[in-house]
Amino acid sequence: ASGAHVPALVIGTGYGGSVAALRLAQAGVDVHMIEMGMAWDTPGSDGKIFCNTREPDYRSYWLRTRTKAPLNYFLGLPIDRDIPRHTGILDAEEFGGITVYQGRGVGGGSLVNGGMAVTPKRENFGAVLPSVDADEMYDVYYPRANAGLGVGTVDPAWFDSTACYQYSRVGRKHAQRSGFPFVFVPDVYDWDYMEQEAAGTVPRSALAGEILYGNNHGKKSLQQTYLARARATGRVTVSPLHRVTSVAPAAGRYTVVIDQLNTTGDTTAVKTVTADRVFFAAGSVGTSKLLVRLKATGVLPGLNGEIGRGWGDNGNVMCGRANHLWDPTGALQSAIPCSGIDNWAAGGAFAEVAPLPTGIETFASFYLSITRNPHRAEFSWNAAAGRVDLNWQASWKRPSIDMARTIFDRINSREGTIYRTDLFGVYKIWGDHLTYHPLGGAVLNRATDNYGRLTAYPGLYVVDGALIPGNTTVNPFVTITALAERNIERIIATDL
Ligand code: FDA
């Protein structure tokens, strides 16, 4: 309620926010979490909470009147469709040179992501977070994060026999014949549940094309893991459809201004609360946008010059390959990827063998590559337009394409195959207009101290993907979770 006081306020309910809330509550602190998206706990008229990728409806996109599918063409035809404007689950946020996909709702990105739960290789960690003690991370915080998230791996024997991973087996064959290491990738999806889906004994989710707009079964999103444990402490409350717009110092505390939203995105009430401590966990983009604006408009003028800097796209780039008729990838594809091709050391690319769960045979192999793209962008306040801009350039994807090609040019040449040109436009090979993995904007040990403190303002902290300087060499959420575990442990021990 407006006028209330809370000891700890957390902005956002993704990985960073959920870790912070759980650990603060376990330490005896009452926590209030503010989330601009919906709760995603109530079924629609079809009895389902989430819609699937084949029939996107009002639940699919955050305040858009037309879908903006990452893979927006099929057989050269556009697949986007009109939808009612609604506070849907997936935000396709457009900046000048890039579209940044993000989850919206209680659980943040965990609601919409593929659940691929990858710990970076130890030898690559120094490039990911140079100021962090790697021994501590690999001995304590990565194991803690993996346990808290419920990470598991597909049973290799089942993998080899199930129809729904034919596409991954084709991916393995082609990778190995070209001499690339093929790796199983852990995931938070409940693998026992998926085996039961394939056996026909439970309702299908991964096997029904559910992923980008939420999974009705099987996926262990944060709602089932960290947030469930946080709520069970009795010390954590969550306000969905509330968006933080300001955090200002006020007599040793912070005044937090919050818009209450309705499901068409209008502000229906403005509330003000005070908090002793505020944890920015609005995601790389959300946290950066708030901090950049609050600094530039004189609300938090003491924030340092690194605020808004060091943003990267984790080198994301997508592509498809057209297989021969003797290499079908399957009409039934699990929407949860379970494997990858590792060419990081030699070529700067780690490619996820991704599904194309259209429900029909496409003879396509589809990949999302994470690459060592060196470009970093900066957020800045555009006073005339009243918004925060990001100066990423579309041409900055070029190094990512070159790195991905170190894998797929070789495979195409070995297999006598070609790239698909019908998935991202008319005759367009590369999905190079987007990222799923925004990282940075309030980088650890630069914009904050080495534990996420915004030191000019005691009691303000960053705990999410904004801390990570643009690349994690693999999919990022395990690293975001592990870093949050490390930082919150220190903050609880020394600041409370
Ligand atoms: P996160 O974005 O999760 O949470 C931030 C929350 O804050 C959101 O719920 C948002 O609505 C809320 N918020 C923002 N501004 C606010 C404000 N002003 N007031 C209140 N609330 C606000 N990663 C991975 O490791 N493996 C994978 O398989 C995938 N796959 C994948 C697929 C797709 C389609 C996407 C979009 C993303 C992925 N990711 C992924 C990326 C992963 O989901 C992402 O890195 C994390 O969710 C980021 O966690 P954070 O805690 O930083 O923020």
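The values are calculated or read from the model by the stated rules, or taken from the named source; none is laboratory data. Small disclaimer: the values here were computed from a predicted structure and weren't measured. As a convention, Cβ positions derive from the backbone with ideal geometry for all residues, glycine included, and neighbour counts pool all protein chains shown. What goes into the accessible areas is simple: the full protein's heavy atoms, side chains included, and nothing from ligands, DNA or RNA. Shrake-Rupley method; radii C 1.70, N 1.55, O 1.52, S 1.80 Å.
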³J(HN,Hα) computed for each position of region 128-135 - Karplus, 6.51 cos²θ - 1.76 cosθ + 1.60, integer Hz, glycine/proline x: 7, 9, x, 8, 9, 5, 5, 4
For the chain, the longest stretch holding no GluC sites (Glu not before Pro) located in a DSSP loop with at most 16 other Cβ atoms within 10 Å is which? 1-305
Gyration tensor on Cα atoms of region 288-392, a ≥ b ≥ c root eigenvalues, a/c under 1.5 rounded, else prolate if a/b beats b/c, else oblate, says prolate
Test of the criteria: in region 121-177, which chymotrypsin sites (Phe, Trp or Tyr not before Pro) are in a DSSP loop and have at most 15 other Cβ atoms within 10 angstrom of their Cβ? none
Which cross-chain or sequence-distant (5 or more) residues have an amide H under 5 Å from the amide H of Met38, H modelled 1.01 Å from N in plane? Gly105, Val106, Leu241
For region 355-457, what does the relative contact order come out to in percent, with C-alpha contacts under 8 Å and a separation of six or more? 16 percent
Work out the charge dipole of the chain with +1 on the Cβ of Lys and Arg and -1 on the Cβ of Asp and Glu about the Cα centre, then indicate which of Tyr58, Leu291, Leu90 is farthest towards its positive end. Leu291
Phe363 long-range amide H proximity, modeled H, under 5 Å: Thr329, Gly330
Could you tell me which of rounded, prolate or oblate describes region 438-496, using a ≥ b ≥ c as the square roots of the eigenvalues of the alpha-carbon gyration tensor, with rounded for a/c under 1.5 and, failing that, prolate when a/b is larger than b/c and oblate otherwise? oblate
Let me make sure I get this right: for region 134-197, a, b and c are the square roots of the gyration tensor eigenvalues over alpha carbons, sorted descending. Under 1.5 in a/c it's rounded, otherwise prolate if a/b > b/c, else oblate. Which is it? oblate
Round to the nearest 10 and give me the degree value, 0 to 90, for the angle of helix 15-26's Cα axis relative to the longest principal axis of the chain. 50 degrees
Using alpha carbons only: equivalent-ellipsoid semi-axes of region 109-149, gyration tensor based, whole Å: 21, 13, 8
With the 1.4 Å probe rolled over protein heavy atoms, the chain has an accessible area per residue in Å² of 36 Å²
Rounded to one decimal in nm, the spacing of the 7 Å Cα→Cβ label points at Asp41 and Ala157 is 4.0 nm
Principal-axis tilt of helix 398-415 within the chain, Cα atoms, nearest 10 degrees: 20 degrees
Principal axis dimensions, largest first and in whole angstrom, of the chain by Cα: 71, 49, 47
Helix 166-177 sits at what angle to the longest principal axis of the chain, using alpha carbons and giving 0 to 90 degrees rounded to 10? 80 degrees
The local net charge around Gln26, scoring Lys/Arg +1 and Asp/Glu -1 for residues other than Gln26 whose Cβ lies under 9 Å from its Cβ, equals +3
At 1.4 Å probe size, with the rest of the protein present, what percent of the exposed accessible area of the chain is carbon and sulfur atoms? 52 percent
With only Lys, Arg, Asp and Glu charged, each at its Cβ (+1 for the first two, -1 for the last two), find how big the charge dipole of the chain is about the Cα centre; round to the nearest 20 debye. 680 debye
